[in-house]
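Worksheet: the structure to be examined is printed underneath.
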Amino acid sequence: MALEYQNAYRQKRSGSVSYRQKLVVLKRMIVEYVHENAALVDELEEVEAKIIMRKEERNSKPRRPSVKSNKKKYVQPVPVDSGGRPVFPIDLGRLTIHSLGEVVVDRSEFHSEEAIFPVGYVSTRIYGSLKDPTIKCIYTCKISEENGLPSFAIACDETTPEITGDTPDVCHSLLLQQINDALSLNVVSTRPRGNELFGLTHPTVLHLLQSCTGTRKCINYKWTRFEVSKTAETSKDYNDAGLSFDYLQRSINMCKYKMAPDVLQKPSDFIDSI
């Protein structure tokens, strides 16, 4: 092809070939390029089809649950009945578990890498009241199913509307904002820690949920190795004003002192906390 074009070009320069002959050569080259391009397109489509098939085959295979760490964590034993089932309520310090609910294993929306969201899960904890955050209030955290998806709710033992959201973080952020609004002060960061508030990442809760039937099918959840031991340390309470009533009170007192240092007495732990 290239040689024929070169010959035609030489003949043109010598004046022995017409523009019509040159046009014929060019048309022939164009036709060949079109055919070659069509062949490449067909080959590309075939490769793309194979890639799609391989992806579908890979996704259809069950994956083993990943493990967070090879390091084993120890948890304290919980009371069980004659059938080996946990006896509720389970007291975990400031957190109390009333029901583990049922693990939904066939939908990825009901678990994440760090937590499992069982339908019917219920926990309670003490925190500041929405009406007066300086007063203790019992909050009930619940997980239910709505339109095939997990739904999260926080209910106060007062005549206040239930806080709902599609994630624990949404609920926690709304709760913290209402605490600030009730005081007309920014006493607590609205950066949420929803899983901790609900107790879903508490070691004992994770251990119990991992022991539930079918939980191994939660393919996105990263498993933690637990071992029950009577000598295991009790999980420490969170030193966070967004989770602990005591630390919330410290934050409230500090904020009030900063607004009127000449009137109010300086909190004893003010220096350590600024």
Distant-in-sequence amide H partners of Thr224 (H built 1.01 Å from N, under 5 Å): Lys68
On the formula 1/(1 + (r/R0)^6), with r taken between the Cβ atoms of Arg216 and Val78 and R0 of 25 Å, the FRET efficiency rounded to 0.05 is 0.75
Note on region 146-251: alpha-carbon gyration tensor, axes a ≥ b ≥ c; rule is a/c under 1.5 for rounded, else prolate if a/b larger than b/c, else oblate; result oblate
Per residue of region 118-125, what does 6.51 cos²θ - 1.76 cosθ + 1.60 with θ = phi - 60° give for ³J(HN,Hα)? Whole Hz please, x for Gly and Pro, Karplus curve as stated. x, 6, x, 5, 9, 9, 9, 8
Can you give the local net charge around Arg191? Use residues other than it whose beta-carbon is closer than 13 angstrom to its beta-carbon, Lys and Arg +1, Asp and Glu -1. -2
Could you report region 97-250's accessible area per residue, 1.4 Å probe, as an integer in Å²? 47
Let me make sure I get this right: for region 70-161, a, b and c are the square roots of the gyration tensor eigenvalues over alpha carbons, sorted descending. Under 1.5 in a/c it's rounded, otherwise prolate if a/b > b/c, else oblate. Which is it? oblate
Residue-wise, which Karplus ³J(HN,Hα) couplings in Hz belong to region 224-230, taking 6.51 cos²θ - 1.76 cosθ + 1.60, θ = phi - 60°, and x for glycine or proline? 10, 7, 10, 9, 7, 8, 5
Taking 0.36 nm per residue of separation between Glu162 and Asp181 and subtracting their Cα-Cα distance, the length gained on full extension comes to 5.2 nm
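Quick check on region 98-215: take the gyration tensor over C-alpha atoms, sort the square-rooted eigenvalues as a ≥ b ≥ c, and tell me if it's rounded (a/c under 1.5), prolate or oblate.
Verdict is prolate for region 98-215.
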Please work out how much length the chain gains when fully extended from Arg94 to Lys71, using 0.36 nm per residue of separation minus the C-alpha to C-alpha distance, in nm with one decimal. 5.6 nm
For the pair Tyr257 and Lys136, what calculated FRET efficiency results from E = 1/(1 + (r/R0)^6), where r is the Cβ-Cβ distance and R0 = 22 Å, to the nearest 0.05? 0.55
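The values are calculated or read from the model by the stated rules, or taken from the named source; none is laboratory data. The structure displayed is predicted, hence computed values, not measured ones. Neighbour counts run over all protein chains shown; Cβ positions are idealised from the backbone, glycine included. To get the accessible areas, we keep the full protein, side chains included, count just its heavy atoms, and leave off ligands, DNA and RNA. Shrake-Rupley method; radii C 1.70, N 1.55, O 1.52, S 1.80 Å.
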